[in-house]
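For reference, the structure is listed below as structure tokens.
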Amino acid sequence: MPNERVGFVGLGIMGEPMAGNLLKAGFSLTVWNRTPSKADALVAEGAALASNPAAVAAASDIVISCVSDSPDVEAVALGTDGILEGARAGTIYIDCSTISPAVARTIAERFRAKGVGMLDAPISGGDIGAKAGTLAIMVGGDVADFERCTPVLEAMGKTIVHVGPSGSGQVVKLCNQIAGGLNLMAMAEAITLCRSAGVDAARMLEVVSSGAAGSWMLTNLGPRAVNRDYAPGFMVDLMQKDLRLVLEAAEELQTPLPGSALVQQVFRVLQARGRGGDGTQAIVDALSLLGPGNQS
Ligand code: NAP
């Protein structure tokens, strides 16, 4: 039985299965979610329910959050009844959300001032990886804190890499989103051409996925796109949040990233149609909406 007591704040598409894997690994777990009903299944499996993030921190040695955007992490970490209020010197705080690297560094400084280590540990692998416990986790922060947290991270992920000091995990996650976004665009264009030419897109995926053009997107989201199954593993609105962070970083660093800008504009077609809650595989529909005959 692992001896660190773990807390989890934010039980969404990613957080809920990640917390479930911590329970399965034998960690004693305390949870909180803004919408309380999302904690029900974990509580039934043995997690304790806390009344706010501060209470999660007070009951834990290592506290994890997985919420949406930078202001949301600031709210659960630094706000009233937030994690910082309940944390003690020696507690470690791990944020698995994808947020601005600059905000991650500022939050880490606030925690450090109280003797609390913070790791930015954004994740990749989608809802599938979260359920299977096979996430890739890119970690920024002190090496000693990283080493202490490794057993906890290993319960949720498979490829866990310390990439540098605070904020570096978020920079690497933005690199991940550039590659993921452009792979999605490639997937959408391949399916679109197939459909226009009257060739079976499912057959196309079968062969192309296993050749040199294969990608996680093609293998995992290609079939959902071909079947017009747009239930979210990763929502368009969250992808746009990440592409916004990518383009803000590019602006700050005066680095040209034309592909990311293009993909962001294509996803905007879906948001403009009120489809920000769709999964990112719906990008194939954005191309249909732009295409001849407005087919979607
Ligand atoms: P989600 O299903 O929308 O869950 C978001 C979670 O954050 C919910 O528990 C939500 O609470 C909570 N939350 C949001 N704002 C909050 C606030 N201000 N105060 C308190 N709680 C708040 O999103 P997700 O897909 O799990 O994504 C979570 C993070 O992981 C995001 O940063 C995302 O970019 C990243 N990520 C997602 C994926 C993916 O494939 N889904 C992959 C890699 C990384 P409620 O339940 O009350 O709404």
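The values are calculated or read from the model by the stated rules, or taken from the named source; none is laboratory data. Keep in mind it's a predicted model, so treat the numbers as computed, not measured. In this analysis, Cβ positions are derived from the backbone assuming ideal geometry, glycine residues included, and neighbour counts consider all displayed protein chains. Note: accessible area is taken over every heavy atom of the protein model, side chains too, but ligands, DNA and RNA are not part of it. Shrake-Rupley method; radii C 1.70, N 1.55, O 1.52, S 1.80 Å.
Helix-only estimate, please: 222 nm mean residue ellipticity of the chain, summing -39500 (n - 2.57) across DSSP H runs of length 4 or more and dividing by its residues, to the nearest 500.
Numbers: 14 runs with 148 residues, N = 296.
Per the formula, -15000 deg cm²/dmol.
Stick to Cα atoms and the Kirkwood definition of Rh, then tell me Rg/Rh for the chain. Intermediate values should be presented prior to the final figure.
Numbers: Rg = 19.8 Å, Rh = 19.8 Å.
Rg/Rh: 1.00.
In nanometres, what is the gap between the two model label sites at Ile128 and Leu247, each 7 Å from Cα along Cα-to-Cβ?
Result: 2.8 nm between the two label points.
Cysteines without a disulfide-compatible partner in the chain, using Cβ under 4.7 Å as the rule?
Cys149, Cys175, Cys194
Does region 201-248 classify as rounded, prolate or oblate by the C-alpha gyration tensor (a ≥ b ≥ c root eigenvalues; a/c under 1.5 gives rounded; else a/b over b/c gives prolate, otherwise oblate)? If you can, show how the numbers build up before the last one.
Numbers: a/c = 3.87, a/b = 1.70, b/c = 2.29.
Verdict is oblate for region 201-248.
May I ask you to evaluate 6.51 cos²θ - 1.76 cosθ + 1.60, the Karplus curve with θ = phi - 60°, for each residue of region 163-170 and list the ³J(HN,Hα) values in order in whole Hz, giving x for glycine and proline?
So the Karplus estimates, Gly and Pro as x, are 10, x, x, 3, x, 5, x, 5 Hz.
Among Cys175, Cys194, what's the order by accessible area (1.4 angstrom probe), most exposed first? Before the final figure, lay out each step's value.
Values: Cys175 75, Cys194 15 Å².
From most accessible down to least: Cys175, Cys194.
Sort Val73, Val67 from largest to smallest accessible area, using a 1.4 Å probe on the heavy atoms of the protein chains.
On the way: Val73 0, Val67 40 Å².
These residues rank, largest area first, as Val67, Val73.
Short version: ³J(HN,Hα) in whole Hz for each residue of region 102-118, in order, from phi by Karplus 6.51 cos²θ - 1.76 cosθ + 1.60 (θ = phi - 60°), x for Gly and Pro, what are they?
So the J values, rounded to whole Hz, are 5, 5, 4, 5, 5, 5, 4, 5, 4, 5, 4, 4, 9, x, 10, x, 9.
Provide the solvent-accessible area of Asp69, counting protein heavy atoms only and rolling a 1.4 Å probe, rounded to the nearest 10 Å².
30 Å²
Report, ordered by chain and residue number, the lysines lying within cross-link reach of Lys24, taken as a straight Cα distance under 16 Å and ignoring same-chain residues fewer than 8 apart.
Qualifying lysines at Cα under 16 Å: Lys131, Lys158.
Whenever you get a sec, compute what percent of the accessible area on region 5-164 sits on carbon and sulfur atoms (1.4 Å probe). Write down the numbers at each step before the final one.
Numbers: 3210 of 5950 Å².
The C+S portion of the solvent-accessible surface of region 5-164 is 54 percent.
Would you mind listing how long region 70-177 runs along its three principal axes, going by Cα atoms, in whole Å with the largest first?
33, 26, 24
Once amide H atoms are placed 1.01 Å from N in the peptide plane, what residues at a sequence separation of 5 or more from Thr30, or on another chain, have their amide H within under 5 Å of its amide H?
Val6, Gly7, Phe8, Ala48
Within region 1-84, which GluC sites (Glu not before Pro) sit in a loop by DSSP and count at most 12 neighbouring Cβ atoms inside 10 Å? Present the calculation step by step, with values, prior to reporting the outcome.
Working: sites: Glu4, Glu45, Glu74; in loops: Glu4, Glu45.
Within region 1-84, the qualifying GluC sites (Glu not before Pro) (loop, at most 12 other Cβ atoms within 10 Å) are Glu45.
Search the structure for amide H atoms under 5 Å from the amide H of Leu135, placed 1.01 Å from N in the peptide plane, and list their residues when 5 or more places away or on another chain.
Gly157, Lys158
Region 147-207 to region 50-88: how many Å between their Cα centroids?
When both Cα centres are located, 28 Å separates them.
Residue by residue through region 195-207, which ³J(HN,Hα) values in whole Hz follow from phi under the Karplus form 6.51 cos²θ - 1.76 cosθ + 1.60 (θ = phi - 60°), with glycine and proline marked x?
So the Karplus estimates, Gly and Pro as x, are 5, 4, 8, x, 9, 5, 5, 5, 5, 4, 4, 3, 8 Hz.
Per residue, what accessible area does the chain have, given a 1.4 Å probe and all protein chains present, in Å²?
Numbers: 12720 Å² over 296 residues.
Accessible area per residue: 43 Å².
Quick one: if the Förster radius is 30 Å, what FRET efficiency do Glu147 and Ala75 give, using the C-beta to C-beta distance and rounding to 0.05?
Working: r = 29 Å, r/R0 = 0.98.
Result of the calculation: an efficiency of 0.55.
Quick one: order Arg112, Arg195, Arg224 from most to least accessible surface, probe 1.4 Å. Could you put the intermediate results ahead of the total?
Details: Arg112 120, Arg195 70, Arg224 50 Å².
Per-residue accessible area, sorted high to low, gives Arg112, Arg195, Arg224.
Tell me, what is the percent relative contact order of the chain, built from C-alpha pairs under 8 Å that lie six or more residues apart?
It rounds to 13 percent for the chain.
Set the Förster distance to 30 Å, then compute FRET efficiency between Arg88 and Lys38 from the Cβ-Cβ distance, nearest 0.05.
Details: r = 27 Å, r/R0 = 0.90.
Efficiency, from the Cβ-Cβ distance: 0.65.
How many percent of the accessible area of region 171-294 is carbon or sulfur, using a 1.4 Å probe?
Details: 3570 of 6030 Å².
Using a 1.4 Å probe with all protein chains present, region 171-294 comes out at 59 percent carbon and sulfur.
Give the percent of DSSP beta bridges with both residues in region 5-164 that are antiparallel, rounded to the nearest 5. Could the numbers behind the result be given before it?
On the way: 3 of 28 bridges.
If we restrict to bridges inside region 5-164, about 10 percent are antiparallel.
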